[in-house]
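Take a look at the structure set out below.
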């Protein structure tokens, strides 16, 4: 076995055997196969070590004074230690093997056993544990998630997006991320990279709309020294910098046609040629691209190459605008406030109900980027413990109650007393609308309505707009 394989499978093994010579043998033999081995002679000491330290596999003798290997295995699992147990014995029998498996052991081996065979079993046990931990982590993230990477949102639109991004991340396919300016396209791209198989390699991003054609060509493909005026030294280029990792082309719809052809060649051949060079270099990148433009229309108009479009658009991801995300504006604003307070060492700030209603009433043409700017302004101007509507930019602070009612689709009541709703009915209709706007998030709904959560739960139960809350103790 080569050293690379040893490094790859290095695992921490706790070996338990009342025979000191066997402990010495296990330490020496398994260390040669890339394992870090801690040996002890008493099961009670093994339990102390498991409680105090982290191990990947437990290797134990079966017959030991005080506690058998099977009893140790059962106790380890009862204490919640999620690691595989391999049981060794000098007196192997089918009954003993069955007993070990019933106790929760991963495998049962009979002494004497060759070090190579034992190492193979331990590697498989370690791999099983690694996969179990990965699955558990994904399940925890999925169960508790109100975001994906740095993308946040509890609205149905964002929950669907997170599910798609999770599936996309596991692939190596090219992804085209579409959405309005400020909707979080680069955050989505970074999340795909960070959750994907290339997470440990480079993530290289460039905005294709921010550079003139000549400079963009040099930035992407690199150049040799003296390739053009001002090229005082050679540059590898961002495509080569992303080798083994991810290249993110933001606003790819603004890339000039001449560079589109060169990029297509790189994607087809897996080779890049720097400006001024006659030699090509192999490159392996995963390509993520984003645009706020309609690329299909650009293809029809001849402004974007159809063949490149198909290369980029293997998987398409559409980011919803903030105005289509219900109560996410309030959740995002609270998250931005928490970040700002932590960065500036300021006591926690929260949104007052009038500010939350104003955020929900606004259309957010600049999307999340505009929302963050609004929150930063309010943070700088706020003198109290809450962000009030007056702290928001003028276009939000000027929203009148009548405008809010229009946004909430509350129709005029008319002048017929017989048709006027009761306060109870009006309150019910308004609460129902707020619940719909915030995507059913009761915490956000309570904030917008100016109620504590338990009061809201009781009202929703009375109006039969929700199931009774588990923590509603009256």
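The values are calculated or read from the model by the stated rules, or taken from the named source; none is laboratory data. On a predicted model such as this, the values are computed, not experimentally measured, just so you know. Cβ: placed from backbone, ideal geometry, glycine included. Neighbour counts: every protein chain shown.
A few comments on the model shown:
- Test: residue 267 is assigned to a helix (DSSP H, G or I), out of contact with any strand residue (DSSP E or B) (no Cβ under 6 Å at 6 or more places or on another chain), at pLDDT 90 or above and more than 29 Å from residue 368 (Cβ to Cβ): yes
- Subset of the range 312-331 [in contact with a strand residue (DSSP E or B) (Cβ under 9 Å, 6 or more places away or on another chain) and crowded, with 18+ Cβ neighbours inside 10 Å]: 312, 317, 319, 328, 330, 331
- Residue within the range 307-316 that is closer than 18 Å to residue 151 by Cα, in contact (Cβ under 8 Å) with a residue 12 or more places away in the chain and in the same structural domain as residue 182 (by TED's automatic domain parsing) present: yes
- Of all residues in the range 212-241, those that are part of a loop (DSSP other than H, G, I, E, B), exposed (fewer than 12 other Cβ atoms within 10 Å of the Cβ) and modelled with pLDDT of 80 or more total 1.
- Some residue of the range 416-428 being at pLDDT 65 or above and either assigned to a loop (DSSP other than H, G, I, E, B) or assigned by TED's automatic domain parsing to the domain that holds residue 331 (or both): yes
- Total residues in the range 61-82 satisfying the condition of being out of contact with any strand residue (DSSP E or B) (no Cβ under 6 Å at 6 or more places or on another chain), surrounded by 17 or more Cβ atoms within 10 Å (Cβ to Cβ) and in a loop (DSSP other than H, G, I, E, B): the figure is 3.
- Every residue from the range 33-55 that is in a helix (DSSP H, G or I) and within 36 Å of the chain's Cα centre (by Cα): 47, 48, 49, 50, 51, 52
- Looking at 153, 149, just one residue is at pLDDT below 90 and surrounded by fewer than 19 Cβ atoms within 10 Å (Cβ to Cβ), and that residue is 149.
- Filter result for the condition that a residue is outside the structural domain of residue 185 (by TED's automatic domain parsing), in contact with a strand residue (DSSP E or B) (Cβ under 8 Å, 6 or more places away or on another chain) and within 28 Å of residue 156 (Cβ to Cβ), over 370, 339, 334, 385: 334
- Only one of 182, 253 that is crowded, with 18+ Cβ neighbours inside 10 Å, assigned by TED's automatic domain parsing to the domain that holds residue 161 and on the phi > 0 side of the Ramachandran plot: 182
- When we screen 442, 447 for residues that are touching a strand residue (DSSP E or B) at 6+ places or on another chain (Cβ under 7 Å), modelled with pLDDT under 80, closer than 19 Å to residue 330 by Cα and not assigned by TED's automatic domain parsing to the domain that holds residue 351, the only hit is 447.
- Residues in the range 84-98 that are out of contact with any strand residue (DSSP E or B) (no Cβ under 7 Å at 6 or more places or on another chain) and either over 21 Å from residue 14 (Cβ atoms) or not assigned by TED's automatic domain parsing to the domain that holds residue 50 (or both): 91, 93, 94, 95, 98.
- The one condition in (1) assigned to a helix (DSSP H, G or I); (2) free of Cβ contacts under 8 Å to residues at least 60 places away in the same chain that residue 58 fails to fulfil: (1)
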